[in-house]
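Chemist: This is the structure I want to talk about, given as structure tokens.
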Amino acid sequence: MASGPATAPNPYLSGNFAPVHDELTTDALQVSGRLPEALEGTFMRNGPNPAFAPLGRYHVFDGDGMVHAVELRDGTARYRNRWVQSRGLQAERKAGRALYGGLSEFHAPDPEVVAEAGGLKNTANTHVVRHAGRLLALMEAALPTELTGDLQTVGEYDFDGRLAGPMTAHPKVDPDTGELLFFGYSPFPPYLRYHEADAEGSLIRTVDIDLPKPVMMHDFAASQQRVVFFDLPAIFDLRAMLSGGAGISWQPANGARIGVLDRRDPAATVRWFDVEPFWVFHFLNASDDGDSVVVEGCRAERLNIAFGPDELDSAAPPTLHRWRIDLAAGRVHDGPLDDRPADFPRLDDRRAGKPARFGYLAAARDWSDEVADFDGFVKHDLATGASERYSYGPRSFAGEAVFAPDPTRTDEDAGWLVNFVHDGDRDESSLVIVDAQALKEVARVRLPRRVPFGFHGSWLAAM
């Protein structure tokens, strides 16, 4: 019989990071407060949930994807969770044990496993999005994995054979055209490819982009006219990875630069701007301002998560930052917007690529060299510089708050922030719904099980 993952000493396998091992479907969930009548749809969130005890050191990015979903309809709430059944996970289930090493200690599977399921497990554990009628579970080092509406795994999706290589976990949807913008990076040349799919889901553009070295590029930014790539010095070391070491290391001597590509010019190439090294996992938004493109994201002094046994500087967590890339003058101007530790930025997706007034960042009450304790969010007024912090409670642990717009109101912040929140005293989880204007909780849906900390998700309005 397969054993469950070890719980010590790795902090990413204990507490609310500890995985759950069953799949549930539960109707008529208990609701405190009142579900807004206009809030109809499904909140889905993806995250790592290892099915087996890891081989060697476990990294939080390694776990098998599990999607948790709460459907709100007619004043009732329904919960469902399902593993993303990757080929790698299916091979491990057949063997009854882990077969793949991870990012901190890679182990190549046996040749027969590689032939059956590939040399790298596509965990699809980072995000879940909907585009052109397809529900896609994503990780940045592999093809997307298509799911059905009830979270059953269909299989890897390659845009009808037109997508060569992986897809980022952070695609952008143009709210006006419906186009899906994304990239894929790789430790092999070409190190970066940019892609566009039209509103019907057909891949219509691919641009190969040369980089000096293979880098981890978790996210990017996109405005209505441009896409912006951050070539930062988190470098792949394939030789070290194949030797069982860390596959990604911080190498600031490699330098850093920001690249801008014109979306509207099919013949355009990337224009690069050198900057001092820093690190960003997640961007909030980008917008055009004449000859400039303005980008907001969560900047740290260096890579702020370890991929090996090296220690990190816990004194430099990410904070909200703004870059203005002046294409006419050939310069980048940048500066901080806040000094509080925060990440997982979100906005009303209908403002993606446009000037947006409001952004919402997961706020951390503590950020150590091991884990960050997110207990709420900060609402930023990007026009005035004002901000307000909201906490779910002193013993609450939360993740990314996703904005769900109210279709009956017109203000940009008219809607709700939905989030899975863990109660550390009761060791139980709820879906918490907060009015984004009033910053007051309006409803709390008690879930039938603890939902482990995860990464990114989407609010999918009822169609």
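Chemist: Taking just the C-alpha trace of the chain, give me its Rg and Dmax in Å.
Modeler: 21.0, 64
Chemist: Then there's this: How would the stretch 225-333 be classified by its alpha-carbon gyration tensor: rounded, prolate or oblate, with rounded meaning a/c under 1.5 and the a/b versus b/c comparison settling the rest? Before the final figure, lay out each step's value.
Modeler: Working: a/c = 2.62, a/b = 1.73, b/c = 1.52.
Because a/c hits 1.5 or more and a/b exceeds b/c, the stretch 225-333 counts as prolate.
Chemist: I've got another one for you. Could you tell me which of 149, 59, 261 has its Cα farthest along the dipole of the chain towards the positive end, charges placed at Cβ (Lys, Arg +1; Asp, Glu -1), taken about the Cα centre?
Modeler: Of the listed residues, the answer is 149.
Chemist: Something else about it: Mind putting together the pair-distance distribution for the stretch 16-95? All Cα pairs, 10 Å bins, whole percent per bin, short to long.
Modeler: Taking all Cα pairs of the stretch 16-95, the binned fractions are 16, 40, 25, 15, 4 percent.
Chemist: Evaluated at 4 °C with a viscosity of 1.567 mPa s, what Stokes-Einstein diffusion coefficient in µm²/s does the stretch 132-215 have when Rh comes from the Kirkwood expression over alpha-carbon pairs?
Modeler: Working: Rh = 13.3 Å.
Answer, rounded: 98 µm²/s.
Chemist: Additional query: Name the residue farthest towards the positive end of the dipole of the chain from the options 352, 199, 26, assuming +1 on Cβ of Lys and Arg, -1 on Cβ of Asp and Glu, about the Cα centre.
Modeler: So the residue furthest toward the plus end is 26.
Chemist: I've got another one for you. How big is the accessible area of residue 333 in square angstrom, nearest 10, if you roll a 1.4 angstrom probe over the protein chains?
Modeler: Spelled out: residue 333, probe radius 1.4 Å, area about 80 Å².
Chemist: Have a look at the stretch 320-423 and give its Rg and Dmax from the Cα atoms, expressed in angstrom.
Modeler: Values for the stretch 320-423 (Cα only, Rg and Dmax): 15.3, 51 Å.
Chemist: Continuing with the same structure: Give me the net charge of residue 374's neighbourhood, meaning all other residues with Cβ under 11 Å from the Cβ of residue 374; Lys, Arg count +1, Asp, Glu -1. It would help to have the intermediate numbers written out before the result.
Modeler: Working: positive: 365; negative: 343, 366, 373, 375, 400.
Summing Lys and Arg as +1 and Asp and Glu as -1 gives -4.
Chemist: While we're looking at this one, here's another question. In whole percent, how big is the carbon plus sulfur part of the accessible area of the chain, probe 1.4 Å, protein atoms only?
Modeler: Details: 8910 of 18730 Å².
Whole-percent figure for carbon plus sulfur exposure: 48.
Chemist: Still on this structure, please answer the following. What number comes out for accessible area per residue over the stretch 188-329 if the probe is 1.4 Å? Units Å², please. Intermediate values should be presented prior to the final figure.
Modeler: Details: 5690 Å² over 142 residues.
In whole numbers, the stretch 188-329 has 40 Å² accessible per residue.
Chemist: Treating only the Cβ atoms of Lys and Arg (+1) and Asp and Glu (-1) as charged, compute the dipole magnitude of the chain about its Cα centre; round to the nearest 20 debye. If you can, show how the numbers build up before the last one.
Modeler: Numbers: 47 positive and 68 negative charges, 93 e Å.
That gives a dipole near 440 debye.
Chemist: Taking Cα centroids, how far is the stretch 21-51 from the stretch 421-463 in Å?
Modeler: If you average the Cα positions of each part, the centres end up 8 Å apart.
Chemist: Just how far, in whole angstrom, is the stretch 124-148 from the stretch 194-219 if you go by their alpha carbon centroids?
Modeler: 16
Chemist: Still on this model: Tell me, what is the per residue accessible area of the stretch 334-392 in Å², probe radius 1.4 Å?
Modeler: On the way: 2510 Å² over 59 residues.
That works out to 43 Å² for each residue.
Chemist: Let me ask another. Based solely on C-alpha atoms, express the radius of gyration and the Dmax of the stretch 1-158 in angstrom.
Modeler: When restricted to the Cα atoms of the stretch 1-158, Rg and Dmax are 16.8, 55 Å.
Chemist: How much accessible area per residue does the stretch 122-178 have, in Å², with a 1.4 Å probe? Could you put the intermediate results ahead of the total?
Modeler: On the way: 2050 Å² over 57 residues.
Normalised by residue count, the accessible surface of the stretch 122-178 is 36 Å².
Chemist: Right, something else. To the nearest 20 Debye, how big is the dipole of the stretch 65-221 about its Cα centre, given +1 on the beta carbon of each Lys and Arg and -1 on that of each Asp and Glu? Don't skip to the answer; put the middle values down first.
Modeler: Numbers: 16 positive and 22 negative charges, 112 e Å.
About 540 debye.
Chemist: Rounded, prolate or oblate: pick one for the stretch 163-272, where a ≥ b ≥ c are the square roots of the eigenvalues of its C-alpha gyration tensor, a/c under 1.5 means rounded, and failing that, prolate if a/b is larger than b/c, else oblate. Before the final figure, lay out each step's value.
Modeler: Details: a/c = 2.34, a/b = 1.76, b/c = 1.33.
Because a/c hits 1.5 or more and a/b exceeds b/c, the stretch 163-272 counts as prolate.
Chemist: May I pose another question? Using only the heavy atoms of the protein chains and a 1.4 Å probe, how would 130, 162 rank by accessible area, largest first? Show your work: numbers first, answer last.
Modeler: Numbers: 130 90, 162 145 Å².
The most accessible residue leads, giving 162, 130.
Chemist: Moving to a separate point now. For residue 446 and residue 411 in one chain, what is 0.36 nm times their gap in residues minus the Cα-Cα distance, to one decimal in nm? Don't jump to the answer; show the numbers that get you there.
Modeler: On the way: separation 35, 0.36 × 35 = 12.60 nm, distance 2.94 nm.
Contour length minus the Cα-Cα distance gives 9.7 nm.
Chemist: Kirkwood Rh over Cα pairs of the stretch 373-463 into Stokes-Einstein at 10 °C, 1.306 mPa s: D in µm²/s?
Modeler: Working: Rh = 13.9 Å.
Using the Kirkwood radius from Cα pairs, D works out to 114 µm²/s.
Chemist: With +1 on each Lys and Arg Cβ and -1 on each Asp and Glu Cβ, how big is the dipole of the stretch 67-134 about its Cα centre, in debye rounded to the nearest 20?
Modeler: Numbers: 11 positive and 7 negative charges, 79 e Å.
For the stretch 67-134, the charge dipole is close to 380 debye.
Chemist: Further question on the same structure: By how many nm would the segment from residue 150 to residue 368 grow when fully extended, if each residue of separation counts as 0.36 nm and the alpha-carbon distance is taken off?
Modeler: On the way: separation 218, 0.36 × 218 = 78.48 nm, distance 3.70 nm.
Result for the pair: 74.8 nm of gain on full extension.
The values are calculated or read from the model by the stated rules, or taken from the named source; none is laboratory data. On a predicted model such as this, the values are computed, not experimentally measured, just so you know. So basically every Cβ, Gly included, is an ideal-geometry build from the backbone, and we count neighbours across all protein chains shown. The protein model used for the area step is the full one, side chains on, heavy atoms only, and it has no ligands, DNA or RNA in it. Shrake-Rupley method; radii C 1.70, N 1.55, O 1.52, S 1.80 Å.
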